[in-house]
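These notes are about the structure you will find just below.
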Amino acid sequence: AMEDVIAKFVSQKISKTRWRPLPAAALQPPDLFATGSWDNEDNRISIWSVGGVGNVDPSGDYHAEPQLLCDIRHNGDVMDMQFLDQERIVVASSTGAVTVFRHHQNNQTLSASQRWEKAHYHVGQETSCGGAACTGVICNNPEIVTVGEDGRINLFRADQKHAVRTIENADSSTLHAVTFLRTTEILTVNSIGQLKIWDLRQQRNEPSQIFSLTSDRVPLHCVDRHPNQQHIVATGGQDGMLSIWDIRQDTTPVSLLNAHEAEMWEVHFHPSNPDHLFTCSEDGSLWHWNASTDISEKPSFLHQGGRSTTYFSHNTVNKSVISAWLSNDPTKDRMEITNLISNQALSVNSLDVLGPCLVYGTDAEAIYVSKHLLA
Amino acid sequence: PSQVVPGADPSTRQLCFAWGPTEVLVCETQFGRRGGFPSRGKVGSGRELLPGALTTCGVTGTGEGGPSSSHVFVVRKDPDIYIQTLRKLFNESHGIFIGLQRSEEELAGKSRKAQLVKVSKLYRSVIRACMEDMHQAAVSAQDPALRVQYSTQVSVLSAIELIWNLCEILFVEAAAAGPLLLRLLDWVRLHVCDVDNMVREVLSSEAPAKHELFWNVVNILVLQGRLDEARHLLSKEASADPTAVKMYKILDDLMKKMPVLSVCTNQTLTELELKWQHWHEECQRYLQDGTFASNSHMESICKILLGDEDAILEKKELLTTWYHFMVTRLLYSHPTVKPMELRFYAQMDLFLGGQSSPEPLDMILMAAFEFEIHQVIKECSIALSNWWFVAHLTDLLDHCKLLQSHNVYFGSNMREFLLLEYASGLFSHHSLWQLGVDYFDHCPGHGRVYLELHIERIPLNTEQKALKVLRICEQRQMQEQVRSICKIMAMKALRNSRLGSALSWSIRAKDAAFATLISDRFLKDYCERGCFSDLDLIDNLGSSMLLSDRLTFLGKYREFHRLYEQKRFAEAARLLLMLMTAHIAPCSFWMTLLTDALPLLEQKEVVFSTEQTYELMRCLEDLTAGKSEKKKVQDDGVENTKVEMLRLALARNLARVIIKEGTLDG
């Protein structure tokens, strides 16, 4: 039902939304999220509460808007943002800086606890400001990996002043996103449609493997790895296409799924229910992809908008491990896709899913929260 | 919106102007002012602006210097665009606007009207939400100046909502006689001072009837036509004063019996008028036989019920505005007033009595009551410091088919003109520009041109932002702008020595010339360093290689290197030769290619066939012959040595291959 989604207009274009991770074995749904803004004269990192336990709104929390707990100025557009732990957020800036902010929960303030000012920069530039936008960041406490428009890959440790490792000129085109494949390996996507695996243990400044879309060179903007089956990777491209890759096998995607009409900005497997996947796009839509093999066990959707069920033929090769995402069994070869936004207009730049909760932010300067995502 | 530029004084200096897309530059010239010009301070003071228009005047900077220097004033066209709390209004109303444009025109008659009324109410609810936020901000603001600013904005928004609501009743819904008055009553109740708190205060006191506000509250309720609530209060008085029970009973009965139009029943207007006439006569009788003579309060209420102008005017303090007076008077004298008759009752002079002059808000409401829609929009444009209101209201009224095309400047109609102004304002904002795009899209006349001009001015500080702007242009087939954006980004990348990115951008723009330029940079780098940079890109050119000849060469040349590395010498040799014979390689690169042939000529196994060797020789001779005698002299020994080495290698290869081919043939 539509009333499940709570909207709040925040007077700044939102580029990133992230739930604060839950402590291990937590039973409550997430109650706190962070947002970052872009294209403002004065960009901000903000922490919002959605009224969980111990934070009960007097009017009853079922309809409570997100409440701003605290915010802090951020120099440059917020390009990416990840929680390092329960208290610290790593933020990538268009200036090339990478900052770790600490959320002090006792007095509800934010402060910068660590900053790598020129993590990404251009060399041989004539102008004074040589910063290159840091486009992606991923954390695996205490390690932080960043990528940027300068084609550089940095490995930081939260407690160390200097980069642990830098791969100069890792990519000749722009790196758009990064994620961990394993603790020592990362995946990057770039603006010429390549997916690369880097082994950080190797001293060689070359990727250990390169995967490529087709000859179309369609830029890839986002990447996520299946939380349980590490060989399954999803990427989203400039043409709005969702690609599923099996990195054990081919160097081309297992399936290409027609999705959005414009850039896919983010793709996320549901962390605890990875048969569900969520994507958002410049075209103003947010899609829920349900690949669970038992279609009768449908989750309850926010509301039915746009397309309902669509069938895709996967150009799959034989698979040894059965996964909903790699399946080529024709009876199971169907996916339910729902657009969660009915009146789409401006870009949905970011989304995050955790437990039963979804949060997303748009260029229409609004954040949306749903707390009843999956049944 | 008209605004005064503080500090600009046309009485002492002549001023000059330059209009930009979003700003106006006002500049003082060196020329003094001769002849009679109204004294200083007269500019724009012909009329009082609505509160807020002046305080938010967008002068962003003035020149510096002594008395002899001239000032330059930068005047923003739409100062309200920069108010942070109004961004919610701009963003939310953008969604409603889009919805209205997408809405089904074919819905006819009643359902279409219902839809338009719904849209109008949506707009108003956004205004009200924004007003509440602004009010909260005013309450919680620490800085007094800020508090004043917020409060001013609250009153501006409140005026906007008042005007919009009236326009909704008169133009969008176009309420007919009967319902019209009910709507106007709602309008007055919504906007005139909140009486509910006073009612609560009186009722919660120990003896309500003795409360000092008691009769005021009763009167306000009567003036607003809330008779049931008034009766409830009066019953307190009745129980407090047993001597006058009968009198109360009669008044209570009269108030109870007042005929009102019921929306549910199929009562006709004539029936209502008849009933109303009877009731009116009954009130008249009681007044004339002095039933209420002993109680001035009650007598006055009875007079009000009779629509007595003087009696109502006596309550001027409680009415506060002339339009409340008008609605109250209509309620008790002409409840079935027709829309077109409103103009006869809209008399502010009677209420203001020459004590104060009408303000812009009064003029706007008056124009609305007179059904002068164009006048309403014109007055609003002058009085308000934003284009948001007139643009959205006009668009809605245009969807109601109420505006005949009324051409203004540049031949666009009024709706379009106002939308263009508003969207231009959005584009002047560093962040709200994205909203402006959709408004331009819905201006069939000049929207496209405006968008083209504005979109090129968006600063592209990150690739992501460039991609967003590019998407806007590509969706609208704005080839020129697509090329220009890609070029800007390619140039930036080139300046940053990001050849790979630069090439990607020029491939996206299908900019062959630029692709050639970048390919040359790659080749130059190769010649200098002896190895390729950005292999991941060059190895992946695919079909985009065909964009420019030079790019094709770059891709093919790299392919040659790959074949060589893979020791596929025969293929490598064929490709190398083809690059020259098919004239894919630029002449300046031939020497490099021929030099690349050297190790192939020296292989243990013969690679080049006789025919191929001859061709190579011809290439070498073409190259050396092409050079003028003069140049030859200048060229130092290195080049000559190279040529000699090549000739030797070619000759040796020829010898080997002749023997080999001869052996095989034999």
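Using C-alpha pairs under 8 Å with a sequence gap of at least 6, the mean separation divided by the residue count of chain B gives a relative contact order of 10 percent.
Note on the stretch B:299-419: Cα-only Rg and Dmax are 17.7, 61 Å. Rounded to two decimals, the Cα radius of gyration of the stretch A:66-186 over 2.2 N^0.38 Å is 1.06. Computed from phi, the 3J(HN,Hα) profile of the stretch A:137-145 under the Karplus parametrisation 6.51, -1.76, 1.60 (θ = phi - 60°) reads 9, 9, 10, 8, 2, x, 8, 10, 10 Hz, with x in place of Gly and Pro. Every pair of different Cα atoms in the stretch B:462-555 enters the Kirkwood calculation, which places the hydrodynamic radius at 13.5 Å.
Tell me, what is the FRET efficiency for A:Gln108 and B:Tyr614 to the nearest 0.05, using R0 = 60 angstrom and their Cβ-Cβ distance as r? Efficiency at R0 = 60 Å is approximately 0.10.
Close amide H pairs (under 5 Å, H built 1.01 Å from N) link A:Leu84 with A:Ile89, A:Val90, residues at least 5 positions away or on another chain. For the stretch B:128-258, the normalised intensity computed at q = 0.22 Å⁻¹ comes to -1.18 (log10 of I(q)/I(0), Debye sum over alpha carbons, equal scatterers, no solvent). Hydrodynamic radius of the stretch B:187-337 by the Kirkwood approach over all distinct alpha-carbon pairs: 16.0 Å. The stretch A:1-53 and the stretch B:290-327 have Cα centres lying 55 Å from one another. Across peptide A:276-282, the mean count of Cβ atoms from other chains lying within 10 Å of each residue's own Cβ comes to 1. Taken over the Cα atoms of the stretch B:148-203, the convex hull encloses 81 Å³ per residue. Based on Cα atoms of the stretch B:413-459, Rg over Rh with Rh as the Kirkwood radius reads 0.94.
D by Stokes-Einstein for the stretch A:180-227, Kirkwood Rh over Cα pairs, 10 °C, 1.306 mPa s: 140 µm²/s. Across all directions, the shadow cast by the convex hull of chain B built on its C-alpha atoms averages 50.4 square nanometres. The protection proxy used here, the mean number of other Cβ atoms lying within 10 Å of each residue, ranks peptides A:206-212, A:345-351 as follows, highest first: A:345-351, A:206-212.
The residue list A:Ser49, B:Leu116, A:Gln114 was ranked by how far each Cα lies along the charge dipole of the protein assembly as shown toward its positive end, using unit charges on Cβ atoms, and A:Gln114 comes out on top. Here each label is just a point 7 Å from Cα along the line to Cβ, and for B:Ala293 and B:Met645 those points are 13.4 nm apart.
Taking the three principal axes of the alpha carbon atoms in the protein assembly as shown, the coordinate ranges are 145, 81, 56 Å, sorted in descending order.
Scanning residues 5 or more positions from B:Val606 or on other chains, none has an amide H under 5 Å from its amide H, with H placed 1.01 Å from N in the peptide plane. Counting Cβ atoms of other protein chains within 10 Å of each residue's Cβ and taking the mean over peptide B:456-465 gives 5.
Using the Cβ-Cβ distance between B:Lys401 and B:Ser356 with R0 = 41 Å, the FRET efficiency computed as 1/(1 + (r/R0)^6) comes to roughly 0.60. Take the Cβ atoms of B:Arg189 and A:Asp199, set R0 to 60 Å, and the FRET efficiency comes out at 0.25.
Scoring B:289-301, B:346-358 by mean Cβ neighbours within 10 Å over their residues and listing the highest first yields B:289-301, B:346-358. Subtracting the Cα-Cα distance of B:Ala570 and B:Lys316 from their residue separation scaled by 0.36 nm leaves 81.0 nm. Each peptide among B:554-564, A:135-145 gets the average number of other Cβ atoms lying within 10 Å of its residues, and from highest to lowest they stand as A:135-145, B:554-564.
Normalising by the residue count of the stretch B:413-459, find the relative contact order in percent from Cα pairs under 8 Å and 6+ residues apart.
Normalised by residue count, the contact order of the stretch B:413-459 is 33 percent.
Could you work out the mean count of beta carbons from other protein chains within 10 Å of each residue's beta carbon in A:241-254? Going residue by residue through A:241-254 and averaging, the value is 0. Phi-derived couplings, Karplus 6.51 cos²θ - 1.76 cosθ + 1.60 at θ = phi - 60°, listed residue by residue for the stretch B:241-255: 10, x, 5, 9, 4, 5, 4, 4, 4, 5, 4, 4, 5, 4, 5 Hz, with x used for Gly and Pro. The orientation-averaged projection of the convex hull spanning the C-alpha atoms of the stretch A:150-273 amounts to 8.2 square nanometres. Semi-axes of the equivalent ellipsoid for the stretch B:356-481, computed as √(5λ) from the eigenvalues of its C-alpha gyration tensor and ordered from largest down, come to 33, 16, 10 Å. Orientation-averaged projection of the stretch A:142-204 equals 4.1 nm² [convex hull of Cα atoms, one quarter of hull surface area]. In the stretch A:124-263, Cα pairs under 8 Å separated by at least six residues give a relative contact order of 14 percent. Computed about the Cα centre, the dipole magnitude for chain B is approximately 1680 debye when only Lys and Arg (+1) and Asp and Glu (-1) carry charge, each at its Cβ.
In order along the stretch B:448-461, the Karplus-derived 3J(HN,Hα) couplings, from 6.51 cos²θ - 1.76 cosθ + 1.60 at θ = phi - 60°, round to 4, 5, 4, 4, 4, 5, 6, 5, 6, 8, 6, x, 10, 8 Hz, and Gly and Pro are given as x.
Only the coordinates and a few stated rules stand behind these numbers; no lab work does. Here the structure is a predicted model, which is why all the values come from computation and not from measurement. Positions of Cβ are backbone-derived with ideal geometry, glycine not excepted, and every protein chain shown enters the neighbour counts.
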